1. Spot the failing condition for PRO413; the list is (1) touching an Asp or Glu at 6+ places or on another chain (Cβ under 6 Å); (2) at pLDDT 90 or above, and only one is missed.
2. Being touching a residue at least 60 places away in the same chain (Cβ under 8 Å) and charged (D, E, K, R) is the filter; apply it to region 370-403 and report the residue that is farthest from VAL296 (Cα to Cα).
3. Which condition does LEU383 not pass, out of (1) over 31 Å from the mean Cα position of the chain (by Cα); (2) closer than 26 Å to LEU433 by Cβ; (3) hydrophobic (A, V, I, L, M, F, W, C), if it passes all the others?
4. Return the total of residues in region 299-318 being exposed (fewer than 13 other Cβ atoms within 10 Å of the Cβ) and touching a Pro at 6+ places or on another chain (Cβ under 9 Å).
5. What pairs can you find where one residue is in region 413-437 and surrounded by 21 or more Cβ atoms within 10 Å (Cβ to Cβ), the other is modelled with pLDDT of 90 or more and basic (Lys, Arg), and their Cβ atoms are less than 6 Å apart, with a gap of 6+ or different chains?
6. Filter region 409-425 down to residues that are part of a loop (DSSP other than H, G, I, E, B) and over 18 Å from ALA277 (Cβ atoms), then give me how many there are.
7. When the residues of region 66-83 are narrowed to those that are in contact (Cβ under 8 Å) with a residue 40 or more places away in the chain and either out of contact with any Phe, Trp or Tyr (no Cβ under 7 Å at 6 or more places or on another chain) or not hydrophobic (A, V, I, L, M, F, W, C) (or both), which ends up farthest from GLN117 (Cα to Cα)?
Amino acid sequence: MRHRRGWRSLPLVVLGLALLLALGRVSAAASRQGDQCLVGANETVDSDLYVLCNTLTIEGTVNGDLVGAAFSTTLAPGGHIQGDIWLLGGQLRIDGAVDEDIRFAGLDLDLNSAALQPRSDLAAFALNVEVWEDAVLPGDLLVLGYQAIVRGQVGGDASFDGSALVIEGQIGRDVFATVGGGDAAPSFIPFPFPFSVSFQMPGLTVREGGRIAGNLSYNGPRAGNINGQIGGTIDFQLVLPRPDITQATEDEETRPGEIVVGYLRAALTDVLALMTAGLLVLLIAPAWVREPSQLVPQHVTSSFGWGLILSLLAAPVSLILILGSILLLVIVAAVTLGGFTWMGLLLLLILNLVVIGGMLFLILFLARLVISDLIGRRLGRRLIQTDDRLAFNLLSLLLGTVVYALLANIPLPYIGLVINALGVFIGLGAIVLHARQLYQRTFHPAYPIPARPGAPEAPAPPLLHSPALDVLLGNTPPPPPDSTEPPGPGMANLPNGFSWWNSEAPRDEE
C-alpha cells in the first residue's frame, strides 16, 4: 500500500470527517430514514444518499456517495453505488458494484463483489472483515480490528493491525501487518453478537493457495504459519512482552541489564503520563485528587468494592450507551424530520465520546493519581521541606507517581498487574465515595457527613433565604432606618403604636 503505519488510523479520521460534512449537506441531498429502508431495483437516486436506518437494502442505483449509519446494510447484486461508501453500523455486505472507495466502521464487513472499479480501496475499523472467494478488490485493503480473512483477490497492498490475519487468496502487492498471539481463538464474545462470524486463531496465517506477489513485513509475538507463496522477501520482527526477572535465569539470551532498562523505561513512561494528567487535574479540579486520597485510609475496603464494581460495569455501560444511541436514532428517524435527526446523531456522538472518554480517564489516570497523591503526601511530610503549599502539592504528587510507577512496573510475574489493579480499584472507589459525599453535602445539608478523625469541623451550610421563605417561617425583616424625610401618603393617619415590622410591639388597648 502506498500508505504506511502512520496511516492506520485513517478510517476513523476520515469517517468522522465525512459524517460531519454530511450533517451540513443532508438538506440538499436524498435521504432514507426509519426501520426498513429500500432503494428498489428500478429506482435511481440522482444525488448523494444519506441514511439512518435499522435495515438498509440497495437494489437500485445511487449516483453519488452513500453516507450514514445502519445496523444492517446490504448492497444487492444489482445495486450500484457510483461514489464512495461512508458507513457506520453493525454489518455491511457488498454484493453489488462500487465505483469509488469503501469506508466502514462497525462489527462485520463482507465483500462478495467482483464489480468494483480499478480505483476502489477498502478501509475498515471492524471486528471482522472478510474478502470472499469471488470478490475482487482492485485497490488497497486497510483493516483495524480483531481479524481479517482474505479468500478473494486484492489488487494493491494489504495493511492490517489487529490479532488474526488469514490469507487464502491473492494479494497483488505488499503486506504490512501487526498481529497478536495466543494459543486459541476467542471462545466467547462479552456481548451478544448478532452476526455469524468464525473467529480465527491469533497470528498470521498464509494457507496453501494463498499468494503474496510482493513483500511480507509483519511483527508479533511469534512467527506466522506460512504455507503459501511469497513473491518477495519476508521481514518478521519479534515483539514480546517485557521480560521479567524470572526469565533472566531461564533464558540465557535474556540479560539482567535489558530487564532493568525495560523496567525503568516503562516506569518513566508511567510517570510522564500520570504527571501530565495530574498537572491538568490540579489546575482544573484539584479536589478530585486530594479529597479522595484523604478518604482512602479510613475506607479502604469500601473503596475497593466500589472501584471493582465500577470497573466491571465500564465496558457493558459503554456498549449499552452506544447501542442505545443507535436504537434511539432509528426510532427518532422514523418519526421526525431529517435535519433534526442528523443533529441528534451529532449530539449523541459527542455524548458517547464524552462519557466513554471520561470513564477511560477515570480508570487509566485519575484513579491512579489518587493513590499516587496518597503515597506522595505520606512520604512528603518527612522528605519535602517547604512552606510553599503549591510546591508541596506538586513535589508530593511527583514523588507519589514515581513510587507508584516503580511498584506497578516491577518485573515480577503478576506483581505489577496486581498492584495496578489494586491502585485502580481503590482509587476509583475513593472517587465514588467523594462524589457521594459531595452530593449529600449539596442536596442533603441537613444530614452532615462525619468529619475525618482529627479534621476541623466543617462550617454549617448557608441557609436558603428569600422573602417568601421569610414570611412562611415568620422571619420578619428589620425595621427601616430612621429618616428625616416626611412620611409618604397615608402614613400620617396610622394609629399610635403601629409598627408592622415588629410583632412584639405593644398594641393599643381597646
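The values are calculated or read from the model by the stated rules, or taken from the named source; none is laboratory data. This is a predicted model, so every value here is computed, not measured. Note that each Cβ is placed from the backbone with ideal geometry, even for glycine, and that neighbours are counted across all protein chains shown.
1. Answer for PRO413: the failing condition is (2).
2. Let us first name the residues in region 370-403 that are touching a residue at least 60 places away in the same chain (Cβ under 8 Å), namely 370-374, 377, 393-394, 397-398, 401-402.
Then keep just the ones that are charged (D, E, K, R); that gives 373, 377.
Values: ASP373: 11, ARG377: 13 Å.
In this case the residue turns out to be ARG377.
3. If we test LEU383 against (1) over 31 Å from the mean Cα position of the chain (by Cα); (2) closer than 26 Å to LEU433 by Cβ; (3) hydrophobic (A, V, I, L, M, F, W, C), just (2) comes out false.
4. We begin by selecting, within region 299-318, every residue exposed (fewer than 13 other Cβ atoms within 10 Å of the Cβ); these are 301, 312-313, 316.
With the extra rule that they be touching a Pro at 6+ places or on another chain (Cβ under 9 Å), the set shrinks to 316.
Selection size over region 299-318: 1.
5. Going by the 6 Å Cβ cut-off, the qualifying pairs are GLY423/ARG368; GLY427/ARG368.
6. Going through region 409-425, the residues part of a loop (DSSP other than H, G, I, E, B) turn out to be 409-414.
Cutting the leftovers down to over 18 Å from ALA277 (Cβ atoms) gives us 410-414.
The number of residues fulfilling the criteria is 5.
7. We begin by selecting, within region 66-83, every residue in contact (Cβ under 8 Å) with a residue 40 or more places away in the chain; these are 67-69, 71, 79.
Add one more test, that the residue is either out of contact with any Phe, Trp or Tyr (no Cβ under 7 Å at 6 or more places or on another chain) or not hydrophobic (A, V, I, L, M, F, W, C) (or both), and what stays is 68-69, 71, 79.
Working: GLY68: 22, ALA69: 24, PHE71: 26, GLY79: 14 Å.
Selected residue: PHE71.
Yes or no, residue by residue, for (1) surrounded by 19 or more Cβ atoms within 10 Å (Cβ to Cβ); (2) assigned to a helix (DSSP H, G or I); (3) at pLDDT below 85:
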| site | (1), (2), (3) |
| --- | --- |
| LEU351 | no, yes, yes |
| VAL354 | no, yes, yes |
| ILE363 | no, yes, no |
| LEU369 | yes, yes, no |
| SER372 | yes, yes, no |
| PHE392 | no, yes, no |
| LEU407 | no, yes, no |
